[in-house]
Amino acid sequence: MKFRNLFLAALVFAGANVFAQSSGNITGQDVANSPNVITTAVPFVSIAPDARGGAMGDCGVATDPDVYSMHYNPAKYVYMQEDLSIGLGYSPWLQHLVSDMNLAYLAFQKKLTDRSALAATLRYFDCGSIKFTNDQGTDIGTYEPNEWAIDVSYSRMLGDYLAGAVSGRYIYSNLTQGQIDYAQVGWSVAADIGVYYKRPVEWFDAVDADFAWGASITNIGSKVSYNGSSELKDFIPTTLRAGAQLKLELDEYNTLAFTADLSKLLVPTPPITYEDEFYGKDDNVSVVAGMIQSFYDAPGVSVNLDNGLNHIGVGYEELCEINVGGGIEYWYNNTFAVRGGYFNETALKGNRKYVTLGAALKYNVFNLDISYLIPVARAGTSPLENTLRFNLTYNLGVKK
(Lines give C-alpha, C1' and ligand atoms only; values in the text may rest on other atoms or scores of the structure.)
Protein backbone atom coordinates (compact mmCIF):
# COMPACT_ATOMS: atom_id res chain seq x y z
CA MET A 1 0.00 0.00 0.00
CA LYS A 2 1.42 3.39 -0.92
CA PHE A 3 2.30 5.81 1.86
CA ARG A 4 -0.08 8.46 0.55
CA ASN A 5 -2.93 5.96 0.71
CA LEU A 6 -2.01 5.05 4.26
CA PHE A 7 -1.95 8.71 5.14
CA LEU A 8 -5.36 9.26 3.57
CA ALA A 9 -6.79 6.31 5.45
CA ALA A 10 -5.35 7.60 8.71
CA LEU A 11 -6.83 11.01 8.01
CA VAL A 12 -10.27 9.52 7.46
CA PHE A 13 -10.07 7.52 10.68
CA ALA A 14 -8.87 10.55 12.60
CA GLY A 15 -11.81 12.45 11.15
CA ALA A 16 -14.13 10.13 13.02
CA ASN A 17 -12.57 11.55 16.14
CA VAL A 18 -14.67 14.04 18.07
CA PHE A 19 -11.73 16.40 17.72
CA ALA A 20 -12.73 17.15 14.13
CA GLN A 21 -11.98 20.82 13.60
CA SER A 22 -14.11 23.51 12.06
CA SER A 23 -12.49 26.25 10.01
CA GLY A 24 -14.93 28.97 11.02
CA ASN A 25 -15.70 31.01 14.11
CA ILE A 26 -12.17 31.63 15.42
CA THR A 27 -12.25 34.93 17.23
CA GLY A 28 -10.43 36.95 19.86
CA GLN A 29 -7.12 35.75 21.24
CA ASP A 30 -7.30 32.47 19.33
CA VAL A 31 -6.84 34.27 16.00
CA ALA A 32 -3.10 34.52 16.69
CA ASN A 33 -2.73 31.05 18.18
CA SER A 34 -2.22 27.81 16.30
CA PRO A 35 -4.26 24.89 17.65
CA ASN A 36 -2.57 22.41 19.97
CA VAL A 37 -5.11 19.61 19.76
CA ILE A 38 -4.88 16.50 21.95
CA THR A 39 -5.25 13.39 19.79
CA THR A 40 -5.67 9.77 20.83
CA ALA A 41 -6.04 6.29 19.41
CA VAL A 42 -9.51 4.70 18.99
CA PRO A 43 -11.37 8.04 19.02
CA PHE A 44 -14.58 6.24 18.03
CA VAL A 45 -15.20 5.38 21.71
CA SER A 46 -15.63 9.12 22.38
CA ILE A 47 -18.45 9.60 19.88
CA ALA A 48 -21.79 10.01 21.64
CA PRO A 49 -23.83 7.00 20.41
CA ASP A 50 -27.28 8.13 21.51
CA ALA A 51 -29.73 10.59 20.02
CA ARG A 52 -30.83 11.94 23.39
CA GLY A 53 -27.39 13.08 24.49
CA GLY A 54 -26.65 14.09 20.91
CA ALA A 55 -29.68 16.42 21.01
CA MET A 56 -28.67 18.03 24.32
CA GLY A 57 -25.18 19.31 23.59
CA ASP A 58 -23.55 15.91 24.21
CA CYS A 59 -24.68 16.08 27.85
CA GLY A 60 -25.49 12.90 29.77
CA VAL A 61 -23.50 12.48 32.96
CA ALA A 62 -26.39 13.72 35.15
CA THR A 63 -29.49 13.40 32.95
CA ASP A 64 -32.25 10.91 33.68
CA PRO A 65 -31.01 7.34 33.11
CA ASP A 66 -31.69 5.33 29.97
CA VAL A 67 -30.27 2.20 28.37
CA TYR A 68 -27.53 4.29 26.67
CA SER A 69 -26.08 5.60 29.96
CA MET A 70 -22.89 3.54 29.58
CA HIS A 71 -21.23 6.20 27.43
CA TYR A 72 -21.68 9.00 29.97
CA ASN A 73 -22.10 7.53 33.43
CA PRO A 74 -22.92 3.86 34.14
CA ALA A 75 -23.92 4.70 37.72
CA LYS A 76 -27.27 5.90 36.37
CA TYR A 77 -28.42 2.38 35.47
CA VAL A 78 -29.55 1.52 38.99
CA TYR A 79 -32.06 4.41 38.76
CA MET A 80 -33.76 2.91 35.67
CA GLN A 81 -37.51 2.49 36.02
CA GLU A 82 -37.66 -0.27 33.41
CA ASP A 83 -36.78 -3.74 34.60
CA LEU A 84 -35.26 -4.75 31.24
CA SER A 85 -34.38 -2.62 28.19
CA ILE A 86 -32.68 -3.09 24.85
CA GLY A 87 -31.55 -0.18 22.71
CA LEU A 88 -30.24 0.12 19.16
CA GLY A 89 -28.48 3.22 17.86
CA TYR A 90 -27.26 4.22 14.41
CA SER A 91 -25.49 7.29 13.08
CA PRO A 92 -24.01 7.99 9.64
CA TRP A 93 -20.68 9.67 10.45
CA LEU A 94 -18.75 12.42 8.66
CA GLN A 95 -20.85 12.13 5.53
CA HIS A 96 -19.05 15.13 4.01
CA LEU A 97 -15.81 13.14 3.99
CA VAL A 98 -16.82 9.48 3.60
CA SER A 99 -20.25 8.42 2.35
CA ASP A 100 -20.30 4.96 3.95
CA MET A 101 -18.83 5.56 7.42
CA ASN A 102 -21.20 4.88 10.32
CA LEU A 103 -21.50 4.05 14.00
CA ALA A 104 -23.84 1.33 15.32
CA TYR A 105 -24.61 0.76 18.99
CA LEU A 106 -26.40 -2.02 20.86
CA ALA A 107 -27.23 -1.57 24.56
CA PHE A 108 -28.80 -3.79 27.22
CA GLN A 109 -29.71 -3.20 30.86
CA LYS A 110 -31.32 -5.37 33.54
CA LYS A 111 -32.37 -4.42 37.05
CA LEU A 112 -31.08 -7.15 39.37
CA THR A 113 -32.77 -5.74 42.47
CA ASP A 114 -34.20 -2.39 43.38
CA ARG A 115 -30.67 -1.37 44.44
CA SER A 116 -28.50 -2.92 41.72
CA ALA A 117 -28.36 -3.24 37.93
CA LEU A 118 -26.33 -4.86 35.18
CA ALA A 119 -25.69 -3.39 31.72
CA ALA A 120 -23.72 -4.23 28.58
CA THR A 121 -23.12 -2.49 25.26
CA LEU A 122 -21.54 -3.19 21.89
CA ARG A 123 -20.22 -0.31 19.79
CA TYR A 124 -19.27 -0.97 16.13
CA PHE A 125 -17.59 1.64 13.95
CA ASP A 126 -17.53 0.96 10.20
CA CYS A 127 -14.81 3.08 8.59
CA GLY A 128 -16.21 2.61 5.10
CA SER A 129 -14.60 1.10 2.03
CA ILE A 130 -10.91 1.85 1.39
CA LYS A 131 -9.12 0.88 -1.83
CA PHE A 132 -5.62 -0.47 -1.18
CA THR A 133 -2.77 -0.35 -3.74
CA ASN A 134 0.78 -1.66 -3.70
CA ASP A 135 3.98 0.34 -4.27
CA GLN A 136 3.44 0.20 -8.03
CA GLY A 137 -0.08 1.56 -7.75
CA THR A 138 -1.74 -1.74 -8.58
CA ASP A 139 -5.14 -2.25 -7.05
CA ILE A 140 -4.92 -5.08 -4.49
CA GLY A 141 -8.50 -4.91 -3.28
CA THR A 142 -11.09 -2.92 -1.41
CA TYR A 143 -11.44 -3.49 2.31
CA GLU A 144 -13.63 -2.19 5.11
CA PRO A 145 -11.58 -1.28 8.20
CA ASN A 146 -13.54 -1.43 11.41
CA GLU A 147 -13.30 -0.88 15.14
CA TRP A 148 -15.49 -2.14 17.95
CA ALA A 149 -15.78 -2.12 21.72
CA ILE A 150 -17.73 -4.32 24.10
CA ASP A 151 -18.31 -3.52 27.76
CA VAL A 152 -20.14 -4.67 30.89
CA SER A 153 -21.12 -2.57 33.90
CA TYR A 154 -22.42 -3.17 37.40
CA SER A 155 -24.10 -0.39 39.37
CA ARG A 156 -25.66 -0.25 42.80
CA MET A 157 -27.02 2.17 45.35
CA LEU A 158 -24.44 3.39 47.86
CA GLY A 159 -26.96 5.28 49.98
CA ASP A 160 -30.48 6.62 49.83
CA TYR A 161 -29.71 8.91 46.89
CA LEU A 162 -26.17 8.08 45.75
CA ALA A 163 -25.27 5.36 43.24
CA GLY A 164 -21.91 4.10 42.00
CA ALA A 165 -20.74 1.88 39.15
CA VAL A 166 -17.71 0.18 37.62
CA SER A 167 -17.37 -0.99 34.02
CA GLY A 168 -14.94 -3.10 32.03
CA ARG A 169 -14.27 -2.64 28.31
CA TYR A 170 -12.40 -4.38 25.50
CA ILE A 171 -11.50 -2.22 22.49
CA TYR A 172 -10.50 -3.63 19.08
CA SER A 173 -9.17 -1.58 16.16
CA ASN A 174 -8.34 -3.10 12.76
CA LEU A 175 -7.51 -0.25 10.39
CA THR A 176 -5.42 -2.02 7.73
CA GLN A 177 -7.13 -5.42 7.38
CA GLY A 178 -3.73 -7.12 7.26
CA GLN A 179 -2.65 -5.28 4.09
CA ILE A 180 0.41 -3.61 5.65
CA ASP A 181 3.16 -5.89 6.94
CA TYR A 182 4.31 -3.60 9.74
CA ALA A 183 0.79 -2.60 10.85
CA GLN A 184 -1.07 -4.74 13.36
CA VAL A 185 -4.45 -4.84 15.02
CA GLY A 186 -4.65 -2.44 17.95
CA TRP A 187 -6.46 -3.32 21.14
CA SER A 188 -6.91 -2.09 24.69
CA VAL A 189 -8.58 -3.06 27.95
CA ALA A 190 -10.21 -0.21 29.85
CA ALA A 191 -12.44 0.57 32.82
CA ASP A 192 -14.99 3.23 33.83
CA ILE A 193 -16.01 4.51 37.24
CA GLY A 194 -18.98 6.74 37.97
CA VAL A 195 -21.20 8.21 40.66
CA TYR A 196 -24.72 9.60 40.37
CA TYR A 197 -26.82 11.46 42.94
CA LYS A 198 -30.52 12.24 42.53
CA ARG A 199 -33.18 13.41 44.95
CA PRO A 200 -36.35 15.51 45.15
CA VAL A 201 -35.85 19.14 46.18
CA GLU A 202 -38.26 21.72 47.56
CA TRP A 203 -36.78 24.78 45.91
CA PHE A 204 -40.03 26.03 44.37
CA ASP A 205 -43.35 26.60 46.11
CA ALA A 206 -45.69 25.39 43.38
CA VAL A 207 -43.47 23.04 41.36
CA ASP A 208 -42.07 19.63 42.25
CA ALA A 209 -38.44 19.26 41.25
CA ASP A 210 -35.59 16.76 41.17
CA PHE A 211 -31.94 17.68 41.31
CA ALA A 212 -29.17 15.36 40.13
CA TRP A 213 -25.44 15.51 39.70
CA GLY A 214 -22.98 13.01 38.32
CA ALA A 215 -19.31 12.44 37.64
CA SER A 216 -17.43 9.76 35.74
CA ILE A 217 -14.04 8.82 34.36
CA THR A 218 -14.33 6.64 31.28
CA ASN A 219 -11.79 4.68 29.24
CA ILE A 220 -9.11 4.30 31.89
CA GLY A 221 -7.00 1.80 30.02
CA SER A 222 -3.85 0.60 28.35
CA LYS A 223 -2.24 2.41 25.44
CA VAL A 224 -2.71 1.14 21.89
CA SER A 225 0.10 0.07 19.55
CA TYR A 226 -0.41 -0.59 15.84
CA ASN A 227 3.10 -1.86 15.11
CA GLY A 228 3.94 -4.12 18.04
CA SER A 229 6.37 -1.60 19.52
CA SER A 230 6.48 -1.21 23.29
CA GLU A 231 7.49 2.43 22.88
CA LEU A 232 5.31 3.71 20.03
CA LYS A 233 1.96 3.58 21.78
CA ASP A 234 -0.94 6.02 21.84
CA PHE A 235 -3.23 6.90 24.71
CA ILE A 236 -6.90 6.06 24.47
CA PRO A 237 -9.41 8.89 25.18
CA THR A 238 -9.67 8.73 28.96
CA THR A 239 -12.33 11.33 29.78
CA LEU A 240 -13.46 13.08 32.95
CA ARG A 241 -17.07 14.29 33.00
CA ALA A 242 -19.05 16.18 35.63
CA GLY A 243 -22.47 17.76 35.42
CA ALA A 244 -25.84 18.51 36.96
CA GLN A 245 -29.52 18.48 36.03
CA LEU A 246 -32.61 20.22 37.38
CA LYS A 247 -35.94 18.66 36.39
CA LEU A 248 -39.23 20.50 36.96
CA GLU A 249 -42.62 18.79 37.11
CA LEU A 250 -44.62 21.76 35.83
CA ASP A 251 -47.94 19.95 36.12
CA GLU A 252 -49.50 16.55 35.53
CA TYR A 253 -48.58 16.56 31.84
CA ASN A 254 -45.52 18.79 31.40
CA THR A 255 -41.92 18.39 32.57
CA LEU A 256 -38.88 20.51 31.81
CA ALA A 257 -35.24 19.61 32.49
CA PHE A 258 -32.06 21.70 32.27
CA THR A 259 -28.63 20.11 32.24
CA ALA A 260 -24.97 21.12 31.87
CA ASP A 261 -21.79 19.06 31.49
CA LEU A 262 -18.08 19.74 31.70
CA SER A 263 -15.64 17.30 30.12
CA LYS A 264 -11.87 17.04 29.84
CA LEU A 265 -9.48 14.51 28.31
CA LEU A 266 -7.16 13.01 30.92
CA VAL A 267 -4.44 12.65 28.32
CA PRO A 268 -1.11 14.53 28.21
CA THR A 269 -0.99 17.69 26.11
CA PRO A 270 1.58 17.52 23.28
CA PRO A 271 4.68 19.60 24.18
CA ILE A 272 6.00 22.30 21.85
CA THR A 273 9.62 22.87 20.80
CA TYR A 274 10.46 26.30 19.39
CA GLU A 275 14.00 27.51 18.59
CA ASP A 276 15.53 24.78 20.77
CA GLU A 277 13.28 25.72 23.72
CA PHE A 278 10.99 23.02 25.14
CA TYR A 279 7.56 24.00 26.48
CA GLY A 280 5.24 21.68 28.34
CA LYS A 281 6.10 18.24 29.65
CA ASP A 282 7.19 14.93 28.18
CA ASP A 283 4.05 13.10 27.06
CA ASN A 284 5.73 9.68 26.85
CA VAL A 285 4.53 8.62 30.30
CA SER A 286 2.40 5.87 31.82
CA VAL A 287 -1.39 5.94 31.77
CA VAL A 288 -1.76 6.94 35.42
CA ALA A 289 1.00 9.53 35.19
CA GLY A 290 -0.62 10.91 32.05
CA MET A 291 -4.00 11.27 33.77
CA ILE A 292 -2.43 13.26 36.63
CA GLN A 293 -0.12 15.25 34.37
CA SER A 294 -3.02 16.29 32.11
CA PHE A 295 -4.09 18.87 34.70
CA TYR A 296 -0.88 20.93 34.55
CA ASP A 297 1.20 19.98 31.49
CA ALA A 298 -0.05 22.50 28.92
CA PRO A 299 2.85 24.24 27.11
CA GLY A 300 1.26 27.65 27.60
CA VAL A 301 2.60 28.84 24.26
CA SER A 302 1.41 28.84 20.68
CA VAL A 303 3.53 28.94 17.53
CA ASN A 304 2.12 30.90 14.61
CA LEU A 305 3.87 31.46 11.27
CA ASP A 306 2.91 35.13 11.25
CA ASN A 307 3.38 35.98 14.92
CA GLY A 308 6.07 33.53 16.04
CA LEU A 309 5.86 32.37 19.64
CA ASN A 310 2.88 33.58 21.65
CA HIS A 311 2.85 33.14 25.43
CA ILE A 312 -0.76 32.37 26.29
CA GLY A 313 -0.22 30.97 29.80
CA VAL A 314 -0.40 27.46 31.17
CA GLY A 315 -3.56 28.22 33.16
CA TYR A 316 -5.34 29.64 30.13
CA GLU A 317 -4.49 26.64 27.97
CA GLU A 318 -5.57 24.21 30.68
CA LEU A 319 -8.94 25.96 30.89
CA CYS A 320 -9.22 25.69 27.10
CA GLU A 321 -9.07 21.90 27.47
CA ILE A 322 -12.42 21.87 29.31
CA ASN A 323 -15.39 21.42 26.98
CA VAL A 324 -18.79 22.77 27.96
CA GLY A 325 -22.21 21.47 26.97
CA GLY A 326 -25.71 22.50 27.92
CA GLY A 327 -29.13 21.10 27.11
CA ILE A 328 -32.85 21.38 27.69
CA GLU A 329 -35.55 18.70 27.43
CA TYR A 330 -39.33 19.11 27.43
CA TRP A 331 -41.75 16.17 27.79
CA TYR A 332 -45.50 16.23 27.24
CA ASN A 333 -47.45 13.53 29.03
CA ASN A 334 -44.33 11.35 29.08
CA THR A 335 -45.13 10.62 25.42
CA PHE A 336 -43.48 13.28 23.26
CA ALA A 337 -40.28 15.23 23.83
CA VAL A 338 -38.34 18.01 22.16
CA ARG A 339 -34.70 18.76 22.99
CA GLY A 340 -32.03 21.31 22.28
CA GLY A 341 -28.48 22.01 23.31
CA TYR A 342 -25.13 23.61 22.61
CA PHE A 343 -21.57 22.28 22.75
CA ASN A 344 -18.44 24.42 22.88
CA GLU A 345 -14.77 23.59 22.42
CA THR A 346 -12.17 26.36 22.16
CA ALA A 347 -10.42 27.00 18.85
CA LEU A 348 -7.09 26.25 20.51
CA LYS A 349 -8.21 22.65 21.17
CA GLY A 350 -10.25 21.81 18.09
CA ASN A 351 -12.99 24.45 17.67
CA ARG A 352 -16.01 22.14 17.75
CA LYS A 353 -18.98 24.43 18.32
CA TYR A 354 -22.45 23.28 17.45
CA VAL A 355 -26.15 23.55 18.20
CA THR A 356 -28.07 20.30 18.65
CA LEU A 357 -31.77 19.55 18.21
CA GLY A 358 -33.88 16.45 18.69
CA ALA A 359 -37.19 14.81 19.47
CA ALA A 360 -38.52 11.61 21.02
CA LEU A 361 -41.71 9.57 20.92
CA LYS A 362 -42.86 6.88 23.37
CA TYR A 363 -45.46 4.34 22.36
CA ASN A 364 -46.21 1.40 24.64
CA VAL A 365 -42.91 -0.46 24.97
CA PHE A 366 -41.11 1.44 22.20
CA ASN A 367 -39.09 4.66 22.36
CA LEU A 368 -37.89 6.43 19.20
CA ASP A 369 -35.27 9.21 19.43
CA ILE A 370 -33.63 11.36 16.76
CA SER A 371 -31.10 14.19 16.90
CA TYR A 372 -29.53 16.64 14.45
CA LEU A 373 -26.29 18.60 14.71
CA ILE A 374 -25.79 22.12 13.31
CA PRO A 375 -22.19 23.44 13.41
CA VAL A 376 -21.73 27.08 14.41
CA ALA A 377 -19.60 27.85 11.36
CA ARG A 378 -19.95 28.71 7.71
CA ALA A 379 -22.00 26.14 5.83
CA GLY A 380 -19.91 23.35 4.39
CA THR A 381 -16.81 24.01 6.54
CA SER A 382 -17.37 21.40 9.25
CA PRO A 383 -17.12 17.62 8.75
CA LEU A 384 -19.73 17.24 11.51
CA GLU A 385 -22.36 19.16 9.55
CA ASN A 386 -25.78 17.48 9.24
CA THR A 387 -24.89 14.67 11.66
CA LEU A 388 -27.97 12.56 12.45
CA ARG A 389 -28.43 10.00 15.23
CA PHE A 390 -31.26 7.50 15.59
CA ASN A 391 -32.21 5.31 18.56
CA LEU A 392 -34.90 2.66 18.98
CA THR A 393 -35.48 1.34 22.51
CA TYR A 394 -37.57 -1.65 23.47
CA ASN A 395 -38.61 -2.01 27.14
CA LEU A 396 -39.27 -5.71 27.67
CA GLY A 397 -39.74 -5.76 31.45
CA VAL A 398 -42.30 -4.29 33.80
CA LYS A 399 -41.51 -1.14 35.70
CA LYS A 400 -40.43 -1.44 39.32
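The values are calculated or read from the model by the stated rules, or taken from the named source; none is laboratory data. All figures in this text were calculated on a predicted structure; none of them were measured in a lab. A quick note on method: Cβ atoms are made from the backbone with ideal geometry, for glycine too, and the neighbour counts reach across all protein chains shown. Heavy atoms of the whole protein, side chains included, go into the accessibility calculation; ligands, DNA and RNA do not. Shrake-Rupley method; radii C 1.70, N 1.55, O 1.52, S 1.80 Å.
Computing FRET efficiency as 1/(1 + (r/R0)^6) for E275 and S222, where r is the C-beta to C-beta distance and R0 is 41 Å, gives about 0.70. Please report how far the C-alpha centroid of region 252-315 lies from that of region 334-371, rounded to the nearest whole angstrom. If you average the Cα positions of each part, the centres end up 27 Å apart.
With a Förster radius of 35 Å, plug the Cβ-Cβ distance of N364 and N146 into 1/(1 + (r/R0)^6) and report the FRET value to the nearest 0.05. Present the calculation step by step, with values, prior to reporting the outcome.
On the way: r = 35 Å, r/R0 = 0.99.
It comes out at approximately 0.50.
Across all directions, the average flat footprint of the convex hull enclosing the Cα atoms of region 209-260 is 5.2 nm².
By the rule of a C-alpha distance below 18 Å, with chain neighbours fewer than 8 residues away ignored, the aspartates and glutamates paired with K76 are D50, D58, D64, D66, D114, D151, D160, D192, D210, D261, E329. Taking all protein chains as present, what is the carbon and sulfur share of the accessible area of the chain, in % to the nearest whole number, probe 1.4 Å? Solvent-exposed carbon and sulfur of the chain make up 59 percent of the total.
Please compute, over every Cα-Cα pair in the chain, the percentage with a separation greater than 28 angstrom. List each step's numbers first, then the result.
Working: 38677 of 79800 pairs.
Result: 48 percent of Cα pairs exceed 28 Å.
Solvent-accessible surface of region 244-400, averaged per residue with a 1.4 angstrom probe and all protein chains in place: 49 square angstrom. Put a dot 7 Å past the Cα of T335, heading toward its Cβ, do the same for L97, and the two dots end up 4.3 nm apart.
Normalised per residue, the accessible area of region 60-209 is 44 Å², obtained with a 1.4 Å probe and no contribution from ligands, DNA or RNA.
Could you give the Stokes-Einstein D for region 230-375 in µm² per second, using the C-alpha Kirkwood radius, 20 °C, 1.002 mPa s? Each step should come with its number before you reach the end.
Details: Rh = 18.4 Å.
The Stokes-Einstein estimate is 117 µm²/s.
Dividing the helix sum by the residues of the chain, where each DSSP H run of 4 or more adds -39500 (n - 2.57), gives a mean residue ellipticity at 222 nm of -2000 deg cm²/dmol.
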